[in-house]
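What follows is a set of notes on a single structure, which appears directly below.
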């Protein structure tokens, strides 16, 4: 089922928050969901690299890049590592690169835009902190659901026949 979010909005309106519709789909899987692992990092993807190198089954990586688009916080190598480690999907409030390759991977990836410039590697960023963007605050451990209709967040897992 590609249109999961409309049903979740109808069935669980009192339990969800929908992110502003600012994200584009870059991954090969439009539909994904899982528990949020959060990271805040600006123009430095060191923590993103660390996280996608860890097991990610049942998890969605939520990256607050401050909406900055001067460089990419994820490219093909990190996306392939995320896929190898079982991540369900990635939401980036910032840019990606290698858009053609990302579209061929069976991984859900939403971001604001593509930018061919790689990020710095300074070892900066914080993991497992609340992040706020697109009108919503996402806590570590929240549940993130995404499809072609957008992204929504819930404090608890949502029930639906397709989940």
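Quick note: the coordinates plus some simple rules give every number you see, no bench work behind them. Note that the structure is predicted; figures quoted are calculated from it, not measured. In this analysis, Cβ positions are derived from the backbone assuming ideal geometry, glycine residues included, and neighbour counts consider all displayed protein chains.
With coordinates expressed along the principal axes, the C-alpha atoms belonging to the range 1-126 extend over 44, 26, 25 Å, beginning with the largest. By the gyration tensor of its Cα atoms, with a ≥ b ≥ c the square roots of the eigenvalues, what is the shape of the range 57-107: rounded for a/c under 1.5, prolate for a/b over b/c, or oblate? Since a/c reaches 1.5 but b/c is at least a/b, the shape of the range 57-107 is classed as oblate.
Give the calculated FRET efficiency between residue 68 and residue 159 to the nearest 0.05, with a Förster radius of 30 Å applied to their Cβ-Cβ distance.
Details: r = 37 Å, r/R0 = 1.22.
According to the calculation, E is roughly 0.25.
Look at the alpha carbon pairs under 8 Å that are at least 6 residues apart: their mean separation over the length of the range 4-153 gives a relative contact order of 37 percent. The calculated FRET efficiency for the pair residue 57 and residue 11, based on their C-beta separation and a Förster distance of 22 Å, comes to about 0.30. For the range 78-154, would you read off the P(r) tail past 18 Å as a percentage of all alpha carbon pairs? Cα-Cα pairs in the range 78-154 separated by more than 18 Å: 49 percent.
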